[in-house]
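The values are calculated or read from the model by the stated rules, or taken from the named source; none is laboratory data. This structure is a prediction, so every number in the text was calculated from the model and none was measured. Neighbour counts run over all protein chains shown; Cβ positions are idealised from the backbone, glycine included.
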Amino acid sequence: MNLDLAQLLNPYDLIFLLVILVSFIFGVKNGLIKSLLNLIKWIIIFYLIKNCFDVLRPFFDQYILNQTLSDILIFFFTLITAYILISFINRMIIGILQPRKSLFIDMSFGGVLGILRGYIIFILIIFFINSNFSSNLIPEIIKSGTFQEIVNYGVDLLDQMPRNINEI
């Protein structure tokens, strides 16, 4: 792979590298345990939001007649409540498990997890753009990026995931 600096200065690639770098810095700052617990927190919140509508809808529908407004309130109620409770539990677990002697290892693995998180965030952004906009509206910058092949692999994987997630 023979890269030239002008090819790497594509705005698409710069944004990709910026997202990865910022996430890496947060990963190193937080360390592995905190980063991993925060990742688990967001997975649990996503799962709760996905499955709470059947449970909370009868309660909210008694008081709110508009179904769209009811859905929005259920979403935010679940998001805020789950975020506060799981963050509290995470802080207790981090206080118990936080390593004091293995600081370098914790920061290193936190950085690796940060790179993975940055990659996932960028893939979600590109997946959203590809899903919601016509292909002729997508700028040529996105199509000609240096990291396009790596990002397309993740977007294709993400595109296949919703079809297979209900089998789990």
Task: Those residues of the range 148-163 which are modelled with pLDDT under 80, surrounded by 12 or more Cβ atoms within 10 Å (Cβ to Cβ) and over 11 Å from F127 (Cα atoms), in sequence order - done: Q148
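Return the residues of the range 129-147 that are of a type outside the set (A, V, I, L, M) and at pLDDT below 75; say none if nothing qualifies.
N130, S131, N132, F133, S134, S135, N136, P139, E140, K143, S144, G145
This table checks each residue for (1) under 30 Å from L157 (Cβ atoms); (2) hydrophobic (A, V, I, L, M, F, W, C); (3) part of a helix (DSSP H, G or I).
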residue	(1), (2), (3)
Y47	yes, no, yes
D54	yes, no, yes
P58	no, no, yes
T78	yes, no, yes
T81	no, no, yes
D106	yes, no, yes
I115	yes, yes, yes
- [ ] Tell me which residues, restricted to the range 37-64, are modelled with pLDDT of 85 or more, of a type in the set (A, V, I, L, M) and closer than 17 Å to N90 by Cα.
- [x] L37, I40, I44, I45, L48
Open item on the list: Where the second residue is in a helix (DSSP H, G or I) and of a type in the set (S, T, Y) and the first is surrounded by 15 or more Cβ atoms within 10 Å (Cβ to Cβ) and lies in the range 64-80, which pairs have Cβ atoms under 8 Å and are six or more apart or on separate chains?
Closed with: I64/S70
